[in-house]
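Notes for the one structure printed next.
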Amino acid sequence: MSLMHAREIEQLTSEQYDDAIGFIYRFYICYKIIGGMESNHLSDSIVKHSYAIELNCTQQVLDEWKNSFNEKLPSEETFRINLLSLGWSHSWPLYSETKLKDRCKLVLALLEELKSGVRVSEAFTIEHILPDSQAQENSIIGNLLMLEERLNAKCKDKSLKEKLPIYAESRYATTRAFAKRYANGCFDVKKRVDFIAKDLFEMVIH
């Protein structure tokens, strides 16, 4: 509400407002979805910075708010550990809930937006790189990609080697980058989790 009021009285430009809303979106995914932390731990900080923004919304005030919230985000190692348990699959009861699919989509979309600089607004499917039915480990986010539905259909029952040219056709930068990085076929699900954790930590917090 403080941000909306600041925009209404022209203390915030449209660009600054959009940037602030984007920050809140990224922070929520990293703090709640990945970090597993509760928003009630932010109550005092929200009150403090909302008041400062309401009183006089300068760039310094915005920067102090963002820096304060970033300090509350988990470490890179915590990112990595928590991402190792985040996944979705129809094949394994542990990962079968719809809310887990939604969380995976949020994280994949955030990574795509940070990499490409383009907001993901259209619907997309989750592609399991290695068959999730073969191992429970293949349910975790290190084995998941964003993919258009028509391309996902082409991937059915194909090996990773056969899938890579299909991934290269995708509109999504992260999916195309995967096809390029793993052109030699040497893919490890848990190592990709490390890459995702590192990318998110560096691009969101720094």
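Applying the set (1) within 17 Å of Val193 (Cα to Cα); (2) in a loop (DSSP other than H, G, I, E, B) to Glu77 leaves exactly one unmet item: (2). Of the residues that sit in the range 84-106 and are charged (D, E, K, R) and surrounded by 13 or more Cβ atoms within 10 Å (Cβ to Cβ), which one is nearest to Pro131 (Cα to Cα)? Ranking the candidates gives Lys101 first.
Of Ser85, Ser91, Ser133, all but one fail to be in contact with a Ser or Thr (Cβ under 6 Å, 6 or more places away or on another chain), modelled with pLDDT of 90 or more and in a loop (DSSP other than H, G, I, E, B); the exception is Ser91. Scanning the range 43-73 for residues that are crowded, with 17+ Cβ neighbours inside 10 Å, under 23 Å from the mean Cα position of the chain (by Cα) and assigned to a helix (DSSP H, G or I) returns Leu62, Trp65, Phe69.
In this structure, Lys163 does not satisfy being on the phi < 0 side of the Ramachandran plot, in contact with a strand residue (DSSP E or B) (Cβ under 9 Å, 6 or more places away or on another chain) and in contact (Cβ under 8 Å) with a residue 60 or more places away in the chain.
Annotation: of all residues in the range 167-188 being buried (at least 20 other Cβ atoms within 10 Å of the Cβ) and in a helix (DSSP H, G or I), the one that is nearest to the chain's Cα centre (by Cα) is Thr174. Residues of the range 92-108 that are within 17 Å of Val204 (Cβ to Cβ) and either touching a Lys or Arg at 6+ places or on another chain (Cβ under 9 Å) or β-branched (Val, Ile, Thr) (or both): Val107 alone.
Within the range 118-141, residues that are assigned by TED's automatic domain parsing to the domain that holds Phe187 and without any contact (Cβ under 8 Å) to a residue 60 or more places away in the chain sit with their Cβ atoms under 6 Å from residues that are of a type in the set (Phe, Trp, Tyr) and not in a strand (DSSP E or B), at 6+ positions apart or across chains, in these pairs: Gln136/Trp92; Ser139/Trp92; Ser139/Tyr95. Check whether at least one residue in the range 167-181 is modelled with pLDDT under 95 and among the aliphatic types (A, V, I, L, M), and report yes or no. Scanning the range 167-181, I find no residue that is modelled with pLDDT under 95 and among the aliphatic types (A, V, I, L, M), so the answer is no. Exactly one residue out of Ile81, Ile140 is β-branched (Val, Ile, Thr) and surrounded by 18 or more Cβ atoms within 10 Å (Cβ to Cβ), and it is Ile140.
The values are calculated or read from the model by the stated rules, or taken from the named source; none is laboratory data. Here the structure is a predicted model, which means the values were calculated and not measured. Please note: Cβ atoms are built from the backbone with ideal geometry, for glycine as well, and neighbour counts cover all protein chains shown.
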